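The values are calculated or read from the model by the stated rules, or taken from the named source; none is laboratory data. Just so you know, these numbers come straight off a predicted model, no measurement behind them. Heads up, the Cβs are rebuilt from the backbone with ideal geometry, glycines too, and the neighbour counts pull from every protein chain shown.
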Amino acid sequence: MPEEKTTLEIIAPTTEAAITNGLEQLGITEDMVDIEVLDSGSRGLLGIGGRQSRVRLTLKNAPEKNESTNSVTTSNHNFGEIVEYRESRKIDPTSLSTDELQCLKVAKTVVGELLDRMRVKAVIEPCFIEPEDDKDERIILVDIQGDDLSILIGRRSETMNALQYISSLIVSKELGKWVPMMIDVQGYRKRRDRQLRQLGRKMAEQAIQTGRRQVLEPMPANERRVIHLELRDHPQVITESTGEEPYRKLTISPKNQ
């Protein structure tokens, strides 16, 4: 599946201020993003009727596996990929190895420092969860709880995905290896995961009853994958992603169509 790019839009009095504010929020440097000026703004007449500047920061693609990544080794996961929520049981901390406990410690420290830069107060609880697919590795889930953390989620979870992406890169660099990692804010991913799975099952039933292909609204690659996984063993329907990003859609079709 195509890699979903993470973006953040910032509004400020000037273009320079918007870029600076965006980089500070993400805790990264300018060379790590592509910058698009959506509106350069205007000062107006005598300071009246002016518009603020609006820019979009898009995180650049992570390095490919065969490129040098400062001695960071990768597994069969894409570096910095967005991992969908797996509603699986947490792994008992007492059964974790010393290396795994160190991974949790580093993850908590990195996410905490990023939240400090964003001036966000929250409780951070990292843990390992079992993957949905036996071929995948254990995943670090960093659960963030606090009062009114909607700023960390953003439109279509873009801010949360950006935080997850940056955290994954930093944690992997600190540990010298790729560690699958996911961030959830106030249970957003858990709720969204349940909604997507329910939607997938409902639309599958409609496809079977009507004998027609069902087309869902455009959604990010990680959300489409949740439905693909939910229906992958369904005996009567098949799923497919069609269209171009960012309007790529998932379709559910009867197998006998």
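For this structure, a couple of remarks:
- Odd one out for Ser40 among (1) among the hydroxyl-bearing types (Ser, Thr, Tyr); (2) within 26 Å of Gly146 (Cβ to Cβ); (3) modelled with pLDDT of 50 or more: (2)
- Among the residues of the range 92-112, those identified as exposed (fewer than 13 other Cβ atoms within 10 Å of the Cβ), outside any loop (DSSP other than H, G, I, E, B) and of a type in the set (D, E, K, R) are Asp99, Lys105.
- Qualifying residue in the range 178-197 (condition: assigned by TED's automatic domain parsing to the domain that holds Val120 and more than 30 Å from Asp147 (Cβ to Cβ)): yes
- Hey, Cys127 under 25 Å from Gly176 (Cβ atoms), modelled with pLDDT of 80 or more and assigned to a strand (DSSP E or B) or not: yes
- Top-ranked residue in the range 170-216 [being buried (at least 18 other Cβ atoms within 10 Å of the Cβ) and among the acidic types (Asp, Glu); ranked as nearest to Ser241 (Cα to Cα)]: Asp193
- Helices (runs of 4 or more DSSP H) completely within the range 147-234 that count 2 or more residues being farther than 30 Å from Asp34 by Cα: 188-210, 221-231
- Counting only residues that are in contact (Cβ under 8 Å) with a residue 24 or more places away in the chain and surrounded by fewer than 17 Cβ atoms within 10 Å (Cβ to Cβ), the range 217-233 holds 2 of them.
- If you go through the range 235-257 and pick out every residue that is in contact with a strand residue (DSSP E or B) (Cβ under 6 Å, 6 or more places away or on another chain), closer than 25 Å to Met182 by Cα and part of a loop (DSSP other than H, G, I, E, B), you end up with 1.
- Scanning the range 74-84 for any residue that is buried (at least 19 other Cβ atoms within 10 Å of the Cβ), at pLDDT below 85 and farther than 28 Å from Ile35 by Cβ turns up at least one such residue.
- Residue that is under 14 Å from the mean Cα position of the chain (by Cα), in the same structural domain as Ile91 (by TED's automatic domain parsing) and over 18 Å from Leu59 (Cβ atoms), where the choices are Asp143, Asp147: Asp143
Per-residue answers, yes or no, for (1) touching a strand residue (DSSP E or B) at 6+ places or on another chain (Cβ under 7 Å); (2) free of Cβ contacts under 8 Å to residues at least 12 places away in the same chain; (3) of a type in the set (Lys, Arg):
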| residue | (1), (2), (3) |
| --- | --- |
| Cys127 | yes, no, no |
| Glu137 | no, no, no |
| Val142 | yes, no, no |
| Ile151 | no, no, no |
| Gly154 | no, no, no |
| Glu158 | yes, no, no |
| Ala162 | yes, no, no |
| Asp184 | yes, no, no |
| Arg192 | no, no, yes |
